[in-house]
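Presented below is the structure to which this report refers.
Please treat every number below as a calculation from the coordinates, not as lab data. Because the structure is predicted, anything quoted here is derived from the model rather than measured. A quick note on method: Cβ atoms are made from the backbone with ideal geometry, for glycine too, and the neighbour counts reach across all protein chains shown.
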Amino acid sequence: MRLATLDNGRPDGRLVVVSPDGASCAAAPAATLQHAMENWGTLAPALAAITDYPETLDPATLRAPLPRAWQWLDGSAFACHGELMDKALGVVPVKTGKPLMYQGTSDKFYGPAEDVRFPTEEFGIDFEGEFGVIVDAVPMGTSAQDCLGHIRLIVQINDWSLRKLAGPEMKTGFGWVQAKPPCSVAPFAVTPDELGEQWRDGRVCADLLVDWNGRRFGAANGAPMDHGFHELVAHACATRDLVAGTVIGSGTVSNPNYREIGSSCIAERRGIELVDFGEPRTDFMRFGDTVRMQGTLADGSAPFGVIEQKVVRA
């Protein structure tokens, strides 16, 4: 099934179940997605049983599936991207063999068509295309294999970054605050079965098509994660319980053949240029620029819908 949240003037919106063609919807037996996640065991069967969709779905009313969440944890599960970023930022990583992860802003997620506000272009505005998962309550110390059963929904994310603030913040040893503003999320959160065989080994094996100002920028596939989502969830819950509704991201989707298929963020493109030419040649985003992201299955369908946004001055 596919779930969405409509704007009803309240902070958490109104939860609906979306028709297979994405054109209509039905009221859900839960007021919000957060409520559904906290009661997934009892509400999921009722959600899945809905087959009549009497409401026309107005794209203008779609918000992020979870407009705000108790917790947002972002990984960096694509090694080729991490290696390029370390080089671009001048960071020497500590090798642990564990997934990389940080805790980001969760009190707001931008809707899929909402203008994204920044104070200045000088901070190095960048998009980052990712996939993510939403879990129900996960007890501390749950194994990676058992964590698969706690992954209830899959989402598509644009993890906005301010690159010129990221390097200095990383070098403090504390982590990101100013460099990582709120993320954007595509309109539909889907159950894993919606992806069919393209949900494998805890990985979203779909292409993430990224267009910047109307031109294709990247088409990386989510399959080559070094750590699957179940392993990211297990890493996150190693020393704490995860509350229902925790969102966990894959990090920027990236493939080793990035020179052929492009990238999911500008910083990766700049890292490639640094390696190839000794200097980055692609600039960051400007006010008025647009970015479009669409996770696409082998049959051409887009189960998450589309993120399409404009960068504007705050």
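Calculated from the structure at hand, Cα Rg over 2.2 N^0.38 Å is found among [x] 1.05; [y] 0.95; [z] 1.42 as [y]. The mean sequence separation of alpha-carbon pairs under 8 Å and at least six residues apart, normalised by the residue count of the range 20-152, gives a relative contact order of 24 percent. Helix-only arithmetic for the chain: the sum of -39500 (n - 2.57) across DSSP H runs with n ≥ 4, divided by the residue total, places the mean residue ellipticity at 222 nm at -5500 deg cm²/dmol.
Cross-link partners of Lys164 among lysines, defined as those whose alpha carbon lies under 19 angstrom from its own and excluding same-chain residues fewer than eight positions apart: Lys87, Lys180. Stretching Lys95 away from Asp146 to a fully extended chain increases their span by 15.8 nm, per 0.36 nm per residue minus the current alpha-carbon distance.
Sorting the segments 217-228, 24-35 by their residues' average number of neighbouring beta-carbon atoms within 10 angstrom, most packed first, yields 217-228, 24-35. Given axes a ≥ b ≥ c from the Cα gyration tensor, I'd like to know whether the range 1-153 is rounded (a/c under 1.5), prolate (a/b larger than b/c) or oblate. It is oblate, given that a/c is not under 1.5 and a/b is not larger than b/c. Membrane-span-like helices in the chain, defined here as complete DSSP H runs extending at least 30 Å along the helix axis by their C-alpha atoms with mean Kyte-Doolittle hydropathy no lower than 1.6, are absent; this is a sequence and geometry rule, not a statement about a membrane.
Working ranking of peptides 238-251, 181-194 by packing, defined as the average number of other Cβ atoms within 10 Å per residue, highest first, is 181-194, 238-251. Across the chain, Cα pairs under 8 Å and at least six residues apart give a relative contact order of 23 percent.
Based on C-alpha pairs under 8 angstrom that are at least 6 apart in sequence, the range 94-211 has a relative contact order of 30 percent. Separation of the range 190-222 from the range 7-29 is 23 Å, based on Cα centroids. Please say if the range 80-220 is rounded, prolate or oblate, where rounded means a/c under 1.5 for a ≥ b ≥ c the square roots of the C-alpha gyration tensor eigenvalues, and otherwise the choice is prolate for a/b larger than b/c and oblate otherwise? Taking the square roots of the gyration eigenvalues as a ≥ b ≥ c, the range 80-220 is oblate.
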